[in-house]
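Structure record follows, encoded as structure tokens.
The values are calculated or read from the model by the stated rules, or taken from the named source; none is laboratory data. Quick caveat, the model's predicted, so the values are computed rather than measured. Glycine also receives a Cβ, built like all others from the backbone with ideal geometry; neighbour counts cover every protein chain displayed.
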Amino acid sequence: MRVELYGCVWIDGLYSYSGPVGQTIGKPGAAIVYLNDSTYDGIQDSRRSHDGLGQLTDGVFGLDDFAQSHEYRVWPGYDYVGWNNDTFTGQYVELEFEFDQRRNFSTMKVHCNNLYTKSVKIFHRVQCSFKQQLVANWERELVGVTTVMDDKNPSARFVIVPLQQRLGKAIRCQFYFADRWMLFSEISFQSTVVDAGGANPLEHLHPFRREDTSQIPDAWSTPRLNAGIGLGSEPSPTSKLTFSNTLGPTLTHTASSLITLIIGSSPLPTISGHRDKADDSNASILIGCLVTIILLLLIIIVVILWRQHWKRILEKAPRRILEEDATMSPSLYNDTIVIGNQTQIFQTNPTYERVFPFDLEYQEPARLLRKLPELSQSAEDSACSGDYAEPDLTKTTPHQGFQSNVPHYAEADIVSLQGVTGNNTYAVPALTVDSLIKMELAVEEISRHQLHFKEKLGEGQFGEVHLCEAASLQPDFLFNTGHRPVLVAVKMLRSDATTNARNNFLKEMKIMSRLKDPNIIRLLGVCTRDDPLCMVTEYMENGDLNQFLCQRELENHFTLAKNIPSVSYRSLLHMMTQVASGMRYLSSLNVVHRDLATRNCLVGNCCTIKIADFGMSRNLYSGDYYRIQGRAVLPIRWMAWESILLGKFTTASDVWAFGVTMWEMFTFCKEQPYSLHSDEQIIENTGEFFRNQGRQIYLSQPTVSPKRIFDLMVSCWNRDIKDRPSFEQIHHFLQQQLINAA
Ligand code: ADE
């Protein structure tokens, strides 16, 4: 059997009290209030209780209405012990208190009821005598006070009786009735232990110590007490009374301003300036406990925060959840840049550092990074080394698709916008975002009436995507459709979207309107004049590449014979080459995709591929994102180590993702990358990539993939970004493979 005891060490030193048993108010048959000491643990006969402790020391202060109780389902009067004046010839109740050892008493606090309307009042006088030993006689010198009656305030209250630092092992007090009834709920003593030799170590400090009889006031001068009530009448059981340090007759209940005792006529030995040792030891134990608890809590909180902090940082990091405020960091506006003949001068390192600063916060993905003390500037160096794939200040954009007034993406910081329909906008140089606000949309405004809803293609947190027929839309890049209706995908922003989402949607339009490549999904038009805001993009009839491949097999005799939907190796290679081409285009603009994967590529006629970006808008792929606090945020299985650890997203990290995308394609999307590994293991593996000690796990070679192509994949996962191929090289290589496969 295991027994656990909870509680506090009883340091008051009170062993027992004894006194007349409590009585009852009311007659049998009527409502009776029981004022007996119901929890008394000593001996109780018909007249007296002795050798025990009970209601008067249970730490519970009775309510103003003595018939009520804090406790649930107890009888009326439960909290009080009370006596009737009629039954006491001397008109007082005598209580005796025995202590563990000799003590030096500073005060006695008596919690009394004062419901004068029911003939209950606090005692009007008390006198106490002391005994140095239990077997000794009571000393003749008494200490006491007379109180001032209060017929105005019926609140229960503490009456504090100064005990003038008298020494003793037992105290006997006579409490004189002021009315028919006297009800106490709690009595406590403030005392310090007198040392073994009988001398109180603090005594010499006290100006009125017991032995210094010249300064001791006559105990029977019984100073008058005004037991007044402050803001309330009921301090909490744990409240500690402290007294002001001012010498003089006024004692103030400073802890809670509950009671002010005004000592009347005669000077009272001050208890000010004389520290109450018992209170001190109580306090120090309490403070010690509290400090320990607080420290433990702090440690627990720190550990929890330590574990979760990086997650939150990661949550902030990916572009898809970047708040506009974060992406449009103030530093963005500090930059100046030279664009053509414009006057801005760009000075800073154009990496993601601004958006994901290389700071402790982001360097701290849980245990992993704690295991990576070496993750320091060297990590960033290796992640950033080489000018490959990073925005290059000196480079001019080779791409012709941008008009002359468009800033060179290569020259600016990269930031990203979260697509408000749940998809991302590609990460673009920071400056661009700034400029985009001023920039015109490079796409035509479409009248809503031109769009005829056909079906819903998808739904995200921020809006819906509909398949529509667009009448008389003749996009320049489409072959002449003879003004036949064109199928388009219409992304609509929810009508209740926030202003922030709305602004992002508009910026997303502006960026997309500038992207013109056969392998990037094209923005055909927009509806911005009225709500809902719409982006009209090309429609790809075969849906996304993941679904497309997942529903197909590698073409062979069997699939051909059985008419099983299949894709030839060559088509697969062709699709891969198109993805590489689209990415080559984006990289030429230093636009970083940050979520390249088969789920973000669309398949049209004849296995044409266009890169899009749906972000997390589709539940189908929520498992591909590492969930932080219940939200899908990071496509960690596609992410380069430096993106996870350092928050660095560059074209080189897109190359990493391209390697994973190739792997997906060669496995016909039948399996998630690292499907046997948990998200945590993926992050652990990221650390291994960083350490580069040969313990990192790579995706295995898909059976369909030739060795040389698998080698290309593996090169995309090189630790150092300078060792990863460029999209230009990848595209070229794949084209060669395509020719060879012909
Ligand atoms: N958005 C969702 N599905 C799409 C599709 N099939 N083509 C273009 N955009 C889309």
Filter result (assigned to a loop (DSSP other than H, G, I, E, B) and either crowded, with 21+ Cβ neighbours inside 10 Å or at pLDDT below 95 (or both)) within the stretch 566-602: Leu589, Asn590, Val591, His593, Arg594, Asp595, Leu596, Ala597
When you go through (1) more than 16 Å from the ligand (Cβ to nearest atom); (2) farther than 22 Å from Arg552 by Cα one by one for Leu572, which number turns out not to apply? (2)
Gln551 meets each of (1) within 15 Å of the ligand (Cβ to nearest atom); (2) free of Cβ contacts under 8 Å to residues at least 40 places away in the same chain; (3) closer than 15 Å to Glu464 by Cα with one exception, condition (3)
Residues that are away from the ligand (no atom under 12 Å from the Cβ), in contact with a strand residue (DSSP E or B) (Cβ under 9 Å, 6 or more places away or on another chain) and not in a loop (DSSP other than H, G, I, E, B): does the stretch 535-544 have at least one? no
Residue check: is Asn504 of a type outside the set (D, E, K, R), in contact with a helix residue (DSSP H, G or I) (Cβ under 9 Å, 6 or more places away or on another chain) and part of a helix (DSSP H, G or I)? yes
Residues being small (Gly, Ala, Ser) and over 15 Å from Thr661 (Cα atoms): count how many of those fall in the stretch 672-725. 3
Quick check: anything in the stretch 523-530 within 16 Å of the ligand (Cβ to nearest atom), within 41 Å of the chain's Cα centre (by Cα) and not in a strand (DSSP E or B)? no
